[in-house]
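Any read-out appearing in this document is the output of simple, stated calculations on the displayed coordinates, not a laboratory observation. Quick caveat, the model's predicted, so the values are computed rather than measured. Using ideal geometry, Cβ is built from the backbone for each residue, glycine included, and neighbour counts are taken over all protein chains shown.
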């Protein structure tokens, strides 16, 4: 808002002061929110750091699965897979500080007891655990992405409040108060002049 | 007749895929056409060349390779019992499918003797399945196993009962023939896998014992090494008695090994698994080349 657009009045000054208070409070709230988001983001990043270990684990399990596949052959492998009672997984969206983040929930764990061979059962169970970890890691990565996007937005708003809105409001308040003061002084001078003229009988009709 | 079988096996051995041919398959960029060129084109023309079809063709070829030996009634029964392992495997495939949630289509070996594939694949619950198998030699212990399963929830007892019944049926047919000792040797390989479960199934009475709760099969790796030992023994016997029935049995086992080896190579080509890994997993024929 440019200076010329602002009506110079006490009411405007009061409104501007109110807006400044709201802007400052908003900035404080956003800064607090930013801190919370950063804290959340850092704890998620820590969890994601376990990814390389998981990659190694998956690579190792994949090697074992390949050997098992070759040992059992297509018929045996498919048949062993068909014996499994698969897990049921649900994807939920939950709100974290107002940010929508995905969450994966296992509704029903798989039943490995239907696999007769202990080696296949052990591998299937290990693969499931690793994949469960991979899924929760993927959800965590998605959470980080959503938090980072929101953090960027919060940062932008906080910066615009801090660097643009608040200084502009302060400047407007300063301008309006100066103008009001000037008007007050000029009114006072005019009144004083009028009083003097009345005392000297120089005013017409006095 | 035995002399005929021995001579025929010596002749048929020449049609087996040789170790060099495995290398060709492993190095081939088009393993299916390479396999067709190695004498599988006839079965591939019947079953097709897509992924599950080619695997069916491989096992159909196994049956084709054994069929020329079925010239005499007594040995026809024995050789059919040898091939019936595919049917027993089909029964186990169906069983696992019934135990699970049937999320993926299963694959059946293209072989049936006592049980047509269609009614087997269509069985919708375990009780229908048990009554279907009770008409066959594989269902000998199944009702008892089902009783144990229903009380304990242990599924391996059901699979073990099928293998147990198959082994006994095979041994019964081989009794008094030159194959008896080999069938006994092969039964040992099954026993290594199933461990105590096999012994318990042999001793069972009608009462259900909860000792099954402690029992678990020994696993694939033990079976794999037991199989390797069996093949070594058979190879020595086939070498020493190359004009005897040992050679015929070694030929039969070689046909089966050929099918499983080709299956492994085709899987490896499909998954881009390096040749070295596959080479280590291939079984060697109990015959000398």
Just B:49, B:104, B:270 to compare: in a GNM of chain B, with alpha carbon springs under 10 Å, which one fluctuates most? B:104
In degrees rounded to 10, the 0-90 angle between helix A:10-48 Cα long axis and the longest Cα principal axis of chain A is 20 degrees
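Contour minus end-to-end for residue A:157 and residue A:9, with contour as 0.36 nm per residue of separation and end-to-end as the Cα-Cα distance? All intermediate terms of the calculation are to be shown ahead of the outcome.
Details: separation 148, 0.36 × 148 = 53.28 nm, distance 2.93 nm.
This chain segment gains 50.3 nm when fully extended.
Tell me whether the range B:1-68 comes out rounded, prolate or oblate; compute the Cα gyration tensor, take square roots of the eigenvalues as a ≥ b ≥ c, and use a/c under 1.5 as the rounded threshold. Please list the in-between numbers first.
Numbers: a/c = 3.39, a/b = 1.60, b/c = 2.12.
It is oblate, given that a/c is not under 1.5 and a/b is not larger than b/c.
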Angle check, please: helix A:166-199 long axis (alpha carbons) against the longest principal axis of chain A (alpha carbons), in degrees 0 to 90, nearest 10. 10 degrees
How many Cβ atoms of partner chains, on average, are near each residue of A:112-123 if near means within 10 Å of its Cβ? 5
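Tell me, what is the FRET efficiency for residue B:27 and residue A:134 to the nearest 0.05, using R0 = 41 angstrom and their Cβ-Cβ distance as r?
Numbers: r = 35 Å, r/R0 = 0.84.
E(calc), rounded to 0.05, equals 0.75.
Shape verdict for the range A:49-107, please, from the Cα gyration tensor: rounded (a/c under 1.5), prolate (a/b greater than b/c) or oblate. Working shown, then result.
Details: a/c = 5.83, a/b = 1.80, b/c = 3.24.
Because a/c hits 1.5 or more and a/b fails to exceed b/c, the range A:49-107 counts as oblate.
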Among B:178, B:81, B:145, residue whose mean-square fluctuation peaks in a GNM of chain B (springs only between Cα atoms under 10 Å): B:178
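Once you order the gyration tensor axes a ≥ b ≥ c over the Cα atoms, which shape class does the range A:103-206 get: rounded for a/c under 1.5, otherwise prolate or oblate by comparing a/b with b/c? Write out the running numbers ahead of the final one.
Values: a/c = 16.12, a/b = 7.22, b/c = 2.23.
Because a/c hits 1.5 or more and a/b exceeds b/c, the range A:103-206 counts as prolate.
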Along the Cα-to-Cβ line of residue B:280, 7 Å from the Cα, sits a label point; which residues in the range A:61-103 have backbone N less than 11 Å from it? A:64, A:67
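Using the Kirkwood formula on the Cα atoms of the range A:9-184, what hydrodynamic radius do you get, in angstrom to one decimal? Let's see the in-between values first.
Numbers: mean 1/r = 0.0475 Å⁻¹.
The answer is 21.0 Å.
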Considering all projection directions equally, how large on average is the shadow of the alpha-carbon convex hull of the range B:97-239, in square nanometres? 10.1 nm²
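Expected output is a single nm value to one decimal: the length gained when fully extending between residue A:164 and residue A:52, i.e. 0.36 nm times separation in residues minus the C-alpha distance. What is it?
Numbers: separation 112, 0.36 × 112 = 40.32 nm, distance 4.32 nm.
Contour length minus the Cα-Cα distance gives 36.0 nm.
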Inter-label distance, nm, simple model (7 Å from Cα along the C-beta direction), residue A:148/residue A:107: 3.2 nm
Rg in Å to one decimal, and Dmax rounded to a whole Å, for the range B:209-289 via C-alpha atoms: 16.4, 50
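Expected output is a single nm value to one decimal: the length gained when fully extending between residue B:45 and residue B:184, i.e. 0.36 nm times separation in residues minus the C-alpha distance. What is it?
This chain segment gains 46.3 nm when fully extended.
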Provide the FRET efficiency to the nearest 0.05 for the residue A:174-residue A:200 pair, computing r from the beta carbons and using R0 = 30 Å. 0.15
What is the mean number of Cβ atoms from other protein chains located within 10 Å of the Cβ atom of each residue in peptide B:277-285, rounded to a whole number? 2
Nearest 10 degrees is fine. How inclined is helix A:51-82 to the longest principal axis of chain A, computing both from alpha carbons? 40 degrees
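Remind me, relative contact order of the range B:2-281 in percent, using alpha carbon pairs under 8 angstrom and six or more residues apart? Display every interim value, and only then the final one.
Details: 264 pairs, mean separation 60.2, N = 280.
Once divided by the residue count of the range B:2-281, the mean separation gives 22 percent.
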In nm, the gap between the two label points placed 7 Å beyond Cα toward Cβ at residue B:134 and residue B:101 is 3.1 nm
Would you mind giving the average projected area, over all directions, of the Cα convex hull of the protein assembly as shown in nm² with one decimal? 38.2 nm²
Using Cα springs under 10 Å in a Gaussian network model of chain B, which residue among B:175, B:187, B:203 shows the largest mean-square fluctuation? B:203
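Taking the Kirkwood radius as the inverse of the mean 1/r across Cα pairs, report the Rg/Rh of the range A:1-85.
Using Cα coordinates only, the ratio equals 1.60.
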Let me know the volume per residue of the alpha-carbon convex hull for chain B, in Å³. 138 Å³
